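See structure below.
Quick note: the coordinates plus some simple rules give every number you see, no bench work behind them. These numbers come from a predicted model, not from an experiment. Using ideal geometry, Cβ is built from the backbone for each residue, glycine included, and neighbour counts are taken over all protein chains shown.
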Amino acid sequence: MEGAVKFNRGCSLVTVTEVLMYESVLTALLEHARSLHPKEAICLLEGEIDRKQGVVKVTGLVIPPLATYGHGFSVFPLFYLPLGLKVVGTAHSHPSGNPHPSVEDLNNMVGAISVIVAYPYRDLRDVKAYNVNGSEIALRVVRP
Ligand SMILES: [Zn+2]
């Protein structure tokens, strides 16, 4: 179903340097990771990209229907996603506690950012954001 979901893939002219995440999204992300531990959680991040400033604002989180959460992997079918999503990236958990993206993570990035939530999922200390180059970028929590 082409066009059902808009993936805001970062183009080579835009380097995302900062992520602003709503506090409610951070809370939901941490809870999603905790609830599935020791399996890997995955979700889509909704929001908008300011291409001039290189800033991504994450305003929502979507738990994909029929996702498979495994030990060391997680996947979801694109077919069942709701219409009209504005996806800026994905977030997934690392139950191992390693906050860095794997090569596989970087090769399979969807959108402009990838967020990793590492065990023990306490708070912002266990959440890291990366751009399409695999560079860690600033992550700030904001209120709507
Ligand atoms: Zn990973």
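If you put +1 on each Lys and Arg Cβ and -1 on each Asp and Glu Cβ, how big is the dipole of region 18-80 around its Cα centre, in Debye rounded to 20?
On the way: 5 positive and 7 negative charges, 24 e Å.
In total the dipole reaches around 120 debye.
Any chance you could run the full-extension gain for residue 125 through residue 73? It's 0.36 nm times the residue separation minus the Cα-Cα distance, nm to one decimal.
So the chain would gain 16.5 nm between residue 125 and residue 73.
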Q. Between 106, 70, 19, whose Cα lies farthest towards the positive end of the dipole of the chain when Lys and Arg beta carbons carry +1 and Asp and Glu beta carbons carry -1, centred on the Cα centre?
A. 19
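What percent antiparallel are the DSSP beta bridges of the chain, to the nearest 5? Working shown, then result.
Details: 21 of 39 bridges.
Taking every DSSP beta bridge with both residues in the chain, the antiparallel ones total about 55 percent.
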**Q.** Using θ = phi - 60° and Karplus 6.51 cos²θ - 1.76 cosθ + 1.60, couplings along region 57-73 (whole Hz; Gly, Pro as x)
**A.** 9, 9, 10, x, 9, 10, 8, x, x, 6, 5, 10, 10, x, 8, x, 7
Q: Could you let me know the centre-to-centre spacing of region 25-81 and region 119-136, using Cα atoms, in angstrom?
A: 13
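Which value, in debye to the nearest 20, gives the size of the charge dipole of the chain about its Cα centre, when Lys and Arg are +1 and Asp and Glu are -1 at the Cβ? Numbers along the way, then the final one.
Working: 13 positive and 13 negative charges, 45 e Å.
It works out to roughly 220 debye.
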Q | Fraction of antiparallel bridges per DSSP, region 18-84 only, in percent to nearest 5 | A | 70
Q) Summing Lys, Arg as +1 and Asp, Glu as -1, what charge do residues with Cβ under 9 Å from the Cβ of residue 130 carry, residue 130 excluded? A) -1
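Express the relative contact order of the chain as a whole percentage, based on alpha carbon pairs under 8 Å and six or more residues apart in sequence. Please list the in-between numbers first.
Details: 328 pairs, mean separation 44.0, N = 144.
Over the chain, the number comes to 31 percent.
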Q) Hey, what did region 61-129 get for relative contact order, percent, Cα under 8 Å, at least 6 apart? A) 26
Q) Does the chain come out rounded, prolate or oblate by the C-alpha gyration tensor, with a ≥ b ≥ c the root eigenvalues, rounded set by a/c under 1.5 and, if not, prolate when a/b is larger than b/c and oblate if not? A) rounded
**Q.** Computed [θ] at 222 nm, helices only, for the chain once each DSSP H run of length n ≥ 4 contributes -39500 (n - 2.57)
**A.** -4000 deg cm²/dmol
